[in-house]
């Protein structure tokens, strides 16, 4: 379907459709992106599911070009006129699906960008879609000005695009922009529960916590691994002294697709080589960024804007005075996908970061997901040991060390 804007009445639970934001379906990002290097090769399911995130990272190697954006606009407008006409803000879902697929197929078929590098083409595609998204939101949100409604919640898989989220937040169109930590299909269950609750009761809000996934399964160490008690302060000492990555498993798993501290691989950010080390550990491309997990009350001094961002869903620029101190978490374009934590949101991670700051003067660590490639989080410490791509695995007060 096209991206839609709805007005939600929090008191009644009713929803009113304001119209389509733009006449393109979300698949256009990765479908068109697959026509340009390095993504112009056959990619099988489920690997295609992560392609949008790879494109979002890769565009830092290119620059948006006005001529490419103009060509995308010309072609898109022509296809919209051909397949749906001036009434593209229709609420007819069947018509949206049919027209959206035809428009997407037409862009794939007719777009010609001879002599344009893959990085520039992808950066231009990203910028074109972002511009259209903002323009559509501005047009529709103007309808709400008289009512004073200035808050926006983003849902759908494209709400994982941190650069679009940040552009919307920075546009000034809304007072607050909120994105749940599970805006894609992983939020369908809690969304369905919310709808049922609103239909069958007078409740209009749901109590939830992002750390509501499965608890860790008990397990014994593998042969060749030794476990010993290790406090969070002790783990901070290991991280500081060794400079190595540690699989960190604690409590219940996160809801949604992002590791937010309970199923994470943590590592010091002071070495520029650590990004390459972590990408090698995760078998990821070298251009992929590594996210920082940071104490919330320290974030604004390191990042711009450095505002609270507990779910790692917005872009933050790394301040110049910190760029050389934490190079591992600084992306090619100078930004970072920041996650902030407090002693209330994640007591264990907050304690670990405070202890690490006392040793290093740095209140953050690298954070990437603890999982098998294209699979979910590790369900127990033994799974992480079987994976075996780090020397240390810390799980609920025990540090397991591989003896070789």
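The values are calculated or read from the model by the stated rules, or taken from the named source; none is laboratory data. No experiment lies behind these values; they were computed from the predicted model shown. Note that each Cβ is placed from the backbone with ideal geometry, even for glycine, and that neighbours are counted across all protein chains shown.
A few notes on this one:
- Condition check for residue 69: in the same structural domain as residue 104 (by TED's automatic domain parsing) and out of contact with any strand residue (DSSP E or B) (no Cβ under 9 Å at 6 or more places or on another chain): yes
- Long-range neighbours under 8 Å by Cβ, at least six apart or interchain, first residue surrounded by fewer than 11 Cβ atoms within 10 Å (Cβ to Cβ) within region 198-222, second in a loop (DSSP other than H, G, I, E, B): 199/13; 218/380
- Scanning region 290-324 for residues that are closer than 25 Å to residue 370 by Cβ and assigned to a loop (DSSP other than H, G, I, E, B) yields a count of 9.
- Counted residues, region 107-130 - those being under 15 Å from residue 76 (Cα atoms) and either buried (at least 21 other Cβ atoms within 10 Å of the Cβ) or under 23 Å from the mean Cα position of the chain (by Cα) (or both): 7
- Failed item, numbered, when residue 82 is tested on (1) on the phi > 0 side of the Ramachandran plot; (2) not in a loop (DSSP other than H, G, I, E, B): (1)
- Boolean, residue 227 is surrounded by 21 or more Cβ atoms within 10 Å (Cβ to Cβ) and either at pLDDT 95 or above or within 19 Å of the chain's Cα centre (by Cα) (or both): no
- Take the conditions (1) in contact with a strand residue (DSSP E or B) (Cβ under 9 Å, 6 or more places away or on another chain); (2) modelled with pLDDT under 95; residue 336 misses just one of them, which is (2).
- Some residue of region 177-186 being within 24 Å of the chain's Cα centre (by Cα), closer than 29 Å to residue 37 by Cα, modelled with pLDDT under 95 and surrounded by 15 or more Cβ atoms within 10 Å (Cβ to Cβ): yes
- Selected residue (only one of 141, 186 is in the same structural domain as residue 19 (by TED's automatic domain parsing) and under 25 Å from residue 69 (Cα atoms)): 141
- Some residue of region 256-263 being surrounded by fewer than 22 Cβ atoms within 10 Å (Cβ to Cβ), at pLDDT below 95 and closer than 21 Å to residue 342 by Cβ: yes
- Output for region 187-221, where each listed residue is modelled with pLDDT under 90 and touching a helix residue (DSSP H, G or I) at 6+ places or on another chain (Cβ under 7 Å): 203, 204, 206, 208
- Test for residue 173: is it assigned to a loop (DSSP other than H, G, I, E, B), under 25 Å from residue 317 (Cα atoms) and at pLDDT 90 or above: yes
- Residue that is assigned to a helix (DSSP H, G or I), modelled with pLDDT under 95, assigned by TED's automatic domain parsing to the domain that holds residue 135 and under 17 Å from residue 128 (Cβ atoms), where the choices are 35, 30: 30
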